[in-house]
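> Have a look at this one.
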Amino acid sequence: MLLANYHIHSDYCDGKNTLEEMVVAGIASGLTSMGLSSHLPLPFPNDWTMKEDDLEDYLNDVKALKEKYAPQIELYCGMEIDFFIDRQDISDLAKSVIPRLDYTIMSVHTLGKTIGVEVSYIDESQQNFAQGIKKYYQGDNQAFITDYYQGIAKMVNMFEPDILGHIDLIKKYNQNNHFFNERDRWYQETVKDCLDTVAAQNTRIEINTGANLRIPGVGRYPSDWMIPEMKKRNIPITVGGDSHSVAGIVFEYNEAETYLAECGYQEYWILKKGRWEAQPLGV
Ligand SMILES: [Zn+2]
Ligand SMILES: [Zn+2]
């Protein structure tokens, strides 16, 4: 059974439950190591990340929970940090907060310009995503997707986050191959180039099990065909629920564990006594 989850949201951002409710649910599910990872405040208005004014409270709350629940579970303080492809950078706030965190998840959620405009998102709605590609890439899906994976590679090269979040989030609204076909050679080659870069760094790729809870049928991030490609490159992994409610704490964990073993993965990485360690799968 999988023992950890490092991708957990709460009502500090767009999650439904409090930090403590998430911790209690994690303990009840048998987790032994958990990371809290609210969305870091963004440098533009939005309705899904933490507010900057709440940052100190968040850090203090996680610290208090760590102590309170120490006999039952190891807790870690993380945040999900946005990398902006247009800026080829993370925010100044992110850079100042990272030294205070136990670990980082880095992800890309935005598309096109993030300064001085209403920002477009990859994961807000299919319509918003399509409009973004139209606005910034003249509707050229392939041009955007290439930019996206090159951006992810750049992010990993520049910042070596502990965890790379939902590497193929761009498939969230790709039902019926609306934007691209994952079987196309160009798509697979683009992904493999990105994996080559990740393999050369110390970043772990997250097996993100939460997608089906929000949109049934999306599957997991990364898609099944990518896992053997990751294994071939010896890319280390973590498992995370991207949990936005107590119901998502270990959502589809058993399925993920079975599939990882089928692909030849024998271990995943967990934080133990403050250090990353390889943990055998299936134990
Ligand atoms: Zn995310
Ligand atoms: Zn998340």
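> So which of Lys113/Lys172; Lys68/Lys95; Lys16/Lys172; Lys154/Lys232; Lys16/Lys154; Lys113/Lys171 end up more than 23 Å apart, counting from Cα to Cα?
Details: Lys113/Lys172 20 Å; Lys68/Lys95 29 Å; Lys16/Lys172 20 Å; Lys154/Lys232 21 Å; Lys16/Lys154 32 Å; Lys113/Lys171 20 Å.
Beyond 23 Å between Cα atoms: Lys68/Lys95; Lys16/Lys154.
> Separate question: Tally Lys/Arg at +1 and Asp/Glu at -1 over every other residue whose Cβ is under 14 Å from the Cβ of Leu55; what's the total?
With Lys, Arg at +1 and Asp, Glu at -1, the neighbours total -4.
> Rank by packing, highest mean first: peptides 94-101, 139-146, with packing defined as the count of other Cβ atoms within 10 Å averaged across residues. Don't skip to the answer; put the middle values down first.
Numbers: 94-101: 14.6, 139-146: 16.8.
Highest mean packing first, the order is 139-146, 94-101.
> Share of antiparallel DSSP beta bridges in the range 138-283, in percent to the nearest 5? Don't skip to the end; give the middle numbers.
Working: 7 of 13 bridges.
Within the range 138-283, antiparallel bridges account for around 55 percent of the total.
> Taking every DSSP beta bridge with both residues inside the chain, roughly what % is antiparallel (nearest 5)?
30 percent
> Cα to Cα, under 19 Å, and not fewer than 8 places away if on the same chain: which lysines meet these conditions relative to Lys63?
Correct list for Lys63: Lys51, Lys272, Lys273.
> Next question, about the same structure. Net charge near Asp196: determine it from the other residues with C-beta under 11 Å of the C-beta of Asp196, scoring Lys and Arg +1 and Asp and Glu -1.
On the way: positive: Lys192, Lys232, Arg233; negative: Glu189, Asp193, Glu229.
Result for the neighbourhood of Asp196: 0.
> Compute the convex hull volume of the Cα atoms of the chain, divide it by the residue count, and report the result per residue in Å³ as a whole number. Could you put the intermediate results ahead of the total?
Details: hull volume 33.1 nm³, N = 283.
Measuring per residue, one finds 117 Å³ for the Cα hull of the chain.
> A further question on this structure: Give the carbon-plus-sulfur fraction of the accessible surface of the range 196-283 in %, rounded to a whole number; probe 1.4 Å, heavy atoms of protein chains only. Can you show the working numbers first?
Numbers: 1900 of 3860 Å².
Here carbon and sulfur together make up 49 percent of the probe-accessible area.
> Probe of 1.4 angstrom, ligands and nucleic acids ignored: what's the accessible area per residue over the chain, in square angstrom? It would help to have the intermediate numbers written out before the result.
Working: 12200 Å² over 283 residues.
Accessible area per residue: 43 Å².
> Please give every one of the aspartates and glutamates within straight-line cross-link reach of Lys135, meaning a C-alpha to C-alpha distance under 14 Å, and leave out same-chain neighbours fewer than 8 residues apart.
Asp86, Glu118
> Using a 1.4 Å probe, how large is the accessible area of Lys68, given in Å² and rounded to the nearest 10?
Accessible area of Lys68: about 120 Å².
> Aspartates and glutamates within cross-link reach of Lys231: Cα-Cα under 17 Å, excluding same-chain residues under 8 positions apart?
Counting by Cα, and skipping residues close in sequence, Lys231 has these aspartates and glutamates nearby: Asp168, Glu189, Asp193, Asp196, Glu206, Glu257, Glu262, Glu267.
The values are calculated or read from the model by the stated rules, or taken from the named source; none is laboratory data. Keep in mind it's a predicted model, so treat the numbers as computed, not measured. Cβ sites come from the backbone with ideal geometry, for glycine too, and all protein chains shown count toward neighbours. The area values use the complete protein model at the heavy-atom level, side chains included, leaving out ligands, DNA and RNA. Shrake-Rupley method; radii C 1.70, N 1.55, O 1.52, S 1.80 Å.
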